[in-house]
1. Could you pull out the trypsin sites (Lys or Arg not before Pro) across the stretch 36-143 that fall in loop regions by DSSP (anything but H, G, I, E, B) with no more than 14 other Cβ atoms inside 10 Å?
2. Grab the beta carbon distance between residue 26 and residue 197, set R0 = 51 Å, and tell me the FRET efficiency rounded to 0.05.
3. Using a cut-off of 11 Å between beta-carbons, work out the net charge of the residues near residue 224 (Lys and Arg +1, Asp and Glu -1, residue 224 not included).
4. How big is the Kirkwood radius of the stretch 97-164, worked out from every pair of different alpha carbons and given in Å to one decimal?
5. Net charge near residue 168, counting Lys/Arg +1 and Asp/Glu -1 over other residues with Cβ under 14 Å of its Cβ?
6. How would you order 185-195, 106-116, 154-164 from highest to lowest mean count of nearby Cβ atoms within 10 Å?
7. Starting from the stretch 251-294, pick out the GluC sites (Glu not before Pro) whose DSSP state is loop and whose Cβ has at most 16 other Cβ atoms within 10 Å.
Amino acid sequence: MQEHVVICDNLIKIYKARDLEVVALQGLDLEVRQGEMIALVGASGSGKSTLLNILGGLDTPTAGRAIVAAHDLSRLNEEQRPHYRNLIVGHLWQQSGRNLLPDLTIADNIQLPQLLKGVRASRYKQHTQSLLELVGLGTMGKKKPLQLSGGEQQRAALAVALANEPPLLLADEPTGELDSATTLEILAFMRQLNHALGITIIIVTHDATVASLVDRTLAIRDGRTSTETIRRQQPLPLDNLHGGSTTIGLSSQTHQESLFVDRTGMLQLPSEAATFFTESGRADVHVATDHVEIWPTGLFVPSPESAIHGKSAVIGLSLASHAETALVDRAGRLQLPKEALEQLSFNGRVRLSLVEQHIELWPVQTTLDTQRTY
Ligand SMILES: Nc1ncnc2c1ncn2[C@@H]1O[C@H](COP(=O)(O)OP(=O)(O)OP(=O)(O)O)[C@@H](O)[C@H]1O
């Protein structure tokens, strides 16, 4: 089993500006295995860049744990931080000016991180040439960044990011300034590097085409991971479909989407599912034999048997005399009772199915151990 290169556990980041506090990450959990290529998606302001800045050692968590390649990011001191940034993570930014120093040649840009590491000249010259060849710029080492096309600049930036062979590559909207053909070319190239070098890659993106090319897409909402979409190893037959991914719009034939549920049973419904509950803000939770049903309050009709013998999941009162509802807040957050979590053989994820009038939550059998495609 591959080890985790990234572990975030209940990660919290609060920015303080004068008297104002912004909670950018509110208890985010994330695990990324060695060799995975994943995409992070989410609305503007959901916390994607904050997470990337923490993983890149550019910012520090307020609370919780963030571990990258066995480095605990809340414990790095000021001496260790530059070393971490130069050796453990590679960065690929949207803007070329942030990736490459414009006055240096491409070769010098690639040599710089190696010089900072203390690599000897005989070694870094040779390594720089092989990196240039790896990214398809073997003859362009003497050019300056602005003499290259946008796609070539991103390839050169990849060579800089890979110069010290980091275990993790962080890419923040790496194709945001490229046309769609070059976007596909760069993404396919990153995929190739991921396979060839076994490097773990996290890409932040607004672009749904990115999500269709990676192993796993995590949607971040309000500073927490809300859904996970995994690409299936084998597409499902068409007659076995349960509707598509609600978050990133990919077919359930090729992708399986699940929702994250935190330790307390809190889950964030995707907006399509949350609309079932907008009117009342309340839901009936029905624990069935192999799944859990969530109904807008008043629509679920219990069988006569469960109405007499059934008990309220939370306070243990008879359902014959008490109707128990779960609250769904405006953001679509719902707290599952303990019985429901037990039914779902809780492993931090559930599969959501939108059914007429209600939603169903099913246990997720497929974990990351079985979804690998390489
Ligand atoms: N340095 C900062 N000081 C104060 N607030 C900040 C700072 N950086 C980010 N924030 C706030 O934290 C929240 C998360 O921002 P973040 O940039 O991580 O979101 P994002 O998902 O990357 O957005 P986008 O897709 O627009 O880049 C936002 O409310 C943002 O305004």
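Each value in this text was obtained by applying a stated rule to the coordinates, not by laboratory testing. These numbers were taken from a predicted model, which means no experiment stands behind them. Neighbour counts run over all protein chains shown; Cβ positions are idealised from the backbone, glycine included.
1. Answer by residue number: 75, 120, 142.
2. Taking R0 as 51 Å, the efficiency between residue 26 and residue 197 is 0.90.
3. Result for the neighbourhood of residue 224: -1.
4. That comes to 11.5 Å for the stretch 97-164.
5. -3
6. Numbers: 185-195: 17.4, 106-116: 20.5, 154-164: 24.0.
Going from most to least packed, we get 154-164, 106-116, 185-195.
7. Those satisfying the criteria are 279.
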